[in-house]
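Inspection log for the structure reproduced underneath, given as C-alpha cells.
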Amino acid sequence: MKDINGLAAIVTGGASGLGAATAEMLAQCGAKVTIFDMNEEAGAAHADKIGGDFIKVDVTNEENVAQALATAEANHGVARILVNCAGIATGAKTVGKENRPHPLAQFRKTIEINLIGTFTVITHFASRLAAAEPIGEERGVIVNTASVAAFEGQMGQAAYSASKGGVVGMNLPIARDLAQYGIRVMAIAPGIFYTPMMAGMPQNVQDALGKQVPFPSRLGQPEEYANMVQSIIGNSMLNGEVIRLDGAIRMQPR
C-alpha cells in the first residue's frame, strides 16, 4: 500500500509494547486505527491518545473476533491493514522441579492465544477484505508477530517457541492462499525488545540482555518494530516472508 493515509487498520495487542507503537505509527500516517486488546483501561487510553478506537477483544473467542471486526468496519470502513501483536510469553521446562511434567494447561493457553488467536483474526479479517475493491494492485496487508524463539528457543520456552514457530510455519501458505485476493502476508521475528514485560525486570538484567545483541548492543525499541511494519506496508514485493528484527542475535540455550 503506497499510502496509509485514510486506510482503516486493526492492531491486536495494541494497548502496549510493540502493538502500541505500531498503532501510534499508523495513526500518525493518517490511518483510522482500531486497537483490539484485553486491557480495557490501557487500550482505551492509548486509542484516545492516537485518535483511534478501542474494542475489548479476546482473540481466542471466534465470535468476539468476528463481532469486533464488524464493529470496526462499521466505524471506519473495511480494514486494509492488520497487525497481529497480541500474545503472551510463558516459561516452563518440559520436566520441572521434582520431575514434574510441564503444565499442559499453560502449553495449550500459549498456543491458543499466540497461534490460534493470530489465525482466527487473520481468517476473519481476510474474509471481509476479500470482498473489497482493490487499491491499485492489492487489497491489503497482514503483518504477524513471530519471535527469534521460533528458531532458537531457550530452555523453558517449549510452549512459546512452538506457538511462534507455528506463526512462522503458516506464514507462506497463508500468503499463497490470499494471493488470489491481492492480500499480502508477512511476519516479523523480533529479538530482545523493550516491552512491558521487559520493563518489569531490574535494570542490570535489561542491560545484560541488551549486551547479548551483537549490534546495536541494546534492547530493541517498539518504534523500531513499528518502522518495520511501515516498510512492509509500503513495499508490495514483500510477501510470504519472515523478517528477523534482532540486531544479529542468535539466542543461547539459556
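Please state, as a whole number in µm²/s, the translational diffusion coefficient that the Stokes-Einstein equation yields for region 144-221 at 37 °C and 0.692 mPa s, with Rh defined as the Kirkwood radius across alpha carbon pairs. Intermediate values should be presented prior to the final figure.
Working: Rh = 14.1 Å.
For the chosen part, D equals 232 µm²/s.
Sort 150-159, 30-39 by the packing proxy (mean of other Cβ within 10 Å over each peptide's residues), most packed first.
Numbers: 150-159: 18.2, 30-39: 23.8.
Answer by packing, highest mean first, reads 30-39, 150-159.
Can you give the alpha-carbon Rg of region 84-131 over 2.2 N^0.38 Å, where N counts its residues?
Values: Rg = 15.4 Å, N = 48, 2.2 N^0.38 = 9.6 Å.
So the Cα radius of gyration is 1.60 times the expected 2.2 N^0.38 Å.
For the chain, compute Rh as the Kirkwood radius over C-alpha pairs and then the Stokes-Einstein diffusion coefficient at 37 °C and 0.692 mPa s; write the answer in µm²/s, rounded to an integer. Don't skip to the answer; put the middle values down first.
On the way: Rh = 18.4 Å.
Answer from the Stokes-Einstein relation: 178 µm²/s.
Could you please rank Ser16, Ser163, Ser236, placing first whichever residue has the fewest other Cβ atoms within 10 Å of its Cβ?
Working: Ser16 20, Ser163 29, Ser236 15.
Taking fewest neighbouring Cβ atoms as first place, the list is Ser236, Ser16, Ser163.
Assigning unit charges at the beta carbon (Lys, Arg +1; Asp, Glu -1) and nothing else, what dipole magnitude in debye, to the nearest 20, does region 112-254 show about its Cα centre? Before the final figure, lay out each step's value.
Numbers: 10 positive and 11 negative charges, 59 e Å.
It comes to approximately 280 debye.
Long-range amide H contacts for Asn144: which residues qualify at under 5 Å (H placed 1.01 Å from N, peptide plane, sequence gap of 5 or more or a different chain)?
When sequence neighbours closer than 5 places are left aside, the close amide H contacts are Asn84, Met186, Ala187, Ile188.
Of the options His76, Pro103, Ala89, report the single residue whose Cα projects farthest towards the positive end of the charge dipole of region 8-123 (beta-carbon charges: Lys, Arg +1; Asp, Glu -1).
Selected residue: Pro103.
Taking amide hydrogens as modeled 1.01 Å from N in the peptide plane, which residues meet the under 5 Å criterion relative to Arg244, leaving out close sequence neighbours?
Under 5 Å from the amide H of Arg244 lie the amide H atoms of Ala189, each far enough along the sequence or on another chain.
Using θ = phi - 60° and the Karplus relation 6.51 cos²θ - 1.76 cosθ + 1.60, list the HN-Hα couplings for region 4-20 in order, rounded to whole Hz, with x at every Gly or Pro.
6, 3, x, 7, 8, 9, 10, 10, 7, x, x, 7, 7, x, 4, x, 5
State, to one decimal in nm, how far the label point of Ser217 lies from the label point of Gln67, with both points 7 Å from Cα in the Cβ direction.
5.2 nm
Treat every Asp and Glu Cβ in region 8-155 as -1 and every Lys and Arg Cβ as +1, leave all other atoms uncharged, and give the resulting dipole magnitude about the Cα centre to the nearest 20 debye.
Numbers: 11 positive and 16 negative charges, 88 e Å.
Charge dipole of region 8-155: 420 debye, to the nearest 20.
Compute the relative contact order of the chain as a whole-number percentage, counting only Cα pairs closer than 8 Å that sit 6 or more residues apart in sequence. Present the calculation step by step, with values, prior to reporting the outcome.
Numbers: 511 pairs, mean separation 51.6, N = 254.
In percent, rounded to a whole number, it is 20.
With unit charges on the beta carbons (Lys and Arg positive, Asp and Glu negative) and the dipole taken about the Cα centre of region 8-245, which residue among Met228, Val143, Leu209 sits farthest to the positive side?
Final value for the positive-end residue is Leu209.
Using a Gaussian network model of the chain whose springs link C-alpha atoms within less than 10 Å, name the residue from Gly43, Gly240, Gly91 with the highest mean-square fluctuation.
Result for the chain, Cα springs under 10 Å: Gly91 fluctuates most.
Apply the Karplus parameterisation 6.51 cos²θ - 1.76 cosθ + 1.60, with θ equal to phi minus 60°, to every residue of region 34-43 and state each ³J(HN,Hα) to the nearest whole Hz, in sequence, with x for glycine and proline.
In residue order, the calculated couplings are 10, 8, 9, 6, 8, 7, 5, 5, 5, x Hz.
At a 10 Å Cβ-Cβ cut-off, how would you order Val65, Val141, Val168, fewest neighbours first? Write down the numbers at each step before the final one.
Values: Val65 23, Val141 26, Val168 16.
Going from sparsest to densest Cβ surroundings: Val168, Val65, Val141.
Taking 10 °C and 1.306 mPa s as the conditions, I'd like the Stokes-Einstein D for region 34-140 in µm²/s, using the Kirkwood hydrodynamic radius from alpha carbon pairs. Could the numbers behind the result be given before it?
Numbers: Rh = 15.7 Å.
Value of D from the Cα-based Kirkwood radius: 101 µm²/s.
With 10 angstrom as the radius, rank His46, His124, His102 by how many other C-beta atoms surround their C-beta, starting from the fewest. Before the final figure, lay out the partial values.
Working: His46 24, His124 18, His102 15.
Arranged by neighbour count, lowest to highest, His46, His124, His102 become His102, His124, His46.
About its Cα centre, how strong a charge dipole does the chain have in debye, to the nearest 20, once Lys and Arg get +1 and Asp and Glu get -1 at the Cβ?
Details: 20 positive and 23 negative charges, 167 e Å.
In debye, rounded to 20, the chain gives about 800.
Report the residues of region 111-148 in range of a label on Thr60: point 7 Å along Cα→C-beta, backbone N strictly under 11 Å from it.
111-117
Quick one: among Arg184, Arg80, Arg176, which has the greatest mean-square fluctuation in a GNM of the chain with alpha-carbon springs under 10 angstrom?
Largest GNM mean-square fluctuation: Arg176.
Taking H as built 1.01 Å from N, whose amide H comes closer than 5 Å to the amide H of Asp53, not counting residues under 5 places away?
Answer set, sorted by chain and number: Val33, Thr34, Ile35.
May I have the extent of the alpha carbons of region 96-156 along their three principal axes, as whole Å values ordered from largest to smallest?
So the extents along the principal axes, rounded to whole Å, are 59, 23, 8.
Taking θ as phi - 60°, what are the ³J(HN,Hα) couplings along region 65-80 by the Karplus curve (6.51, -1.76, 1.60), each to the nearest whole Hz, with x for Gly and Pro?
The phi angles translate into 4, 4, 5, 5, 5, 5, 5, 4, 5, 5, 7, 10, x, 4, 6, 9 Hz.
Just so you know, all these numbers are worked out from the coordinates, no wet-lab data involved. This structure is a prediction, so every number in the text was calculated from the model and none was measured. In this analysis, Cβ positions are derived from the backbone assuming ideal geometry, glycine residues included, and neighbour counts consider all displayed protein chains.
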